[in-house]
Amino acid sequence: MVLSQPKPIESEVETSDSLTAINQRPRRLRRTAALRRLVRETQLTIDDLIYPMFLREGEGIRESIPSMPGTDRYSLDLLLEELAEVSRLGINAIALFPLIPNEQKDNAGTESYNPEGLVPRAVRAIKSQYPELLIFTDIALDPYSSAGHDGIVEDGIILNDETVEVLVKQALCQAEAGADFVSPSDMMDGRVGAIRQGLDAAGYTQVGILAYSAKYASAYYGPFRDALDSAPQFGDKKTYQMDPANTREALKEVNLDVSEGADLVMVKPALAYMDIICQIKQTTNLPVVAYNVSGEYAMIKAAAERGWIDESAVVLETLTSMKRAGADLILTYFAKQLALAWKS
Ligand code: PBG
């Protein structure tokens, strides 16, 4: 008996419509929920998520951020309480962002490497209570800068090499406090290499670097700057963050960061830069991280508040798309909300 072989698509076009119909029924694999799960190509899980959290001075404070509904700023005591739930929900990693009082800000971001500063104090407290929870700390001067810039300012220019020296001190201070990863988000040239050398020389060979490699000068960061009161006091960030129109430059930045010793490379923002995520995935074998930034979060929240979209479905679709585009990990303010939904 001769078994009939499915015909290649080319020949089917020339044969009858009915044969095409027999061989080409993609809907067969969509028929039931179990089947769809069986053939699903991308799985978004809690293990993929890093939860960014906002921290401030004081006690007993948990305050909302108007442009980021559902995301709060915590004093350390309440952050520690909140982390009990966060870790119980299975979230493995957080990223910390501090609101620094104005009187502690200066042009050189001196407070960024104060060993008794808000971030190192928080890291020590979190690590002693939740040793398993991975902590990513941010490296950049903007929360500490009186000018609201990521580097030292002189005559309206953001100085590069002078800033990198401060960033290295900041990284050492956070590593000493117990951060698992330091995350340079400043876009100064050469900072990943300088931080790696500084960490290694001080014996912190196990502290990793999450490099914000392709960070664009984006309008999607607005709500985050509200959260940290860190908007630039003059000009914009276009002399250090990348032009949204560029692709090759992102690949160049990734190559540099990889050669300088990055462990993880990031694309930021995510949603308007899916093509960049996809291309970077093809140029590096390091894990690729996407930052689902504050503006992306705020847009979904705002539309959902008006009842214009189904929030939980849109969140799942958006984050799954980021993974499909090539992101291995995602920083997202939706992490806890998703974890709660998955638990229930
Ligand atoms: C600054 C920093 C920014 C974000 C993370 N780190 C803002 C900026 O570059 O002005 C934005 C995150 C978000 O919008 O969610 N170093």
Open item on the list: Of the conditions (1) in a helix (DSSP H, G or I); (2) closer than 30 Å to Pro69 by Cβ, Ala214 satisfies every one except a single condition; which number is it?
Closed with: (1)
Open item on the list: Six or more apart or on different chains, Cβ atoms under 6 Å: show the pairs whose first residue is in segment 151-177 and more than 17 Å from Lys105 (Cβ to Cβ) and whose second is crowded, with 23+ Cβ neighbours inside 10 Å and of a type in the set (S, T, N, Q).
Closed with: Gln174/Thr137
TODO: Go through segment 88-114 and give me each residue that's polar (S, T, N, Q) and either in contact with a helix residue (DSSP H, G or I) (Cβ under 6 Å, 6 or more places away or on another chain) or crowded, with 18+ Cβ neighbours inside 10 Å (or both).
DONE: Gln104, Ser112
TODO: Confirm whether Thr318 is within 16 Å of the ligand (Cβ to nearest atom), outside any strand (DSSP E or B), surrounded by 15 or more Cβ atoms within 10 Å (Cβ to Cβ) and of a type in the set (Ser, Thr, Tyr).
DONE: yes
TODO: Return only the number of the condition from (1) within 13 Å of the ligand (Cβ to nearest atom); (2) crowded, with 21+ Cβ neighbours inside 10 Å that Ala219 does not satisfy.
DONE: (2)
Task: Restricting segment 240-255 to residues that are within 9 Å of Ala217 (Cα to Cα) and more than 13 Å from the ligand (Cβ to nearest atom), the residue that is surrounded by the fewest Cβ atoms within 10 Å (Cβ to Cβ) - done: Asp243
Open item on the list: For the structure I just gave you, tell me whether Ala194 is closer than 22 Å to Arg121 by Cα and part of a helix (DSSP H, G or I).
Closed with: no
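Where a number appears in this text, it was derived from the coordinates with a stated rule and is not lab data. What you see is a predicted model; the values in this text were computed from it and never measured. All Cβ positions, even for glycine, are placed from backbone atoms using ideal geometry, and neighbour counts span all protein chains on display.
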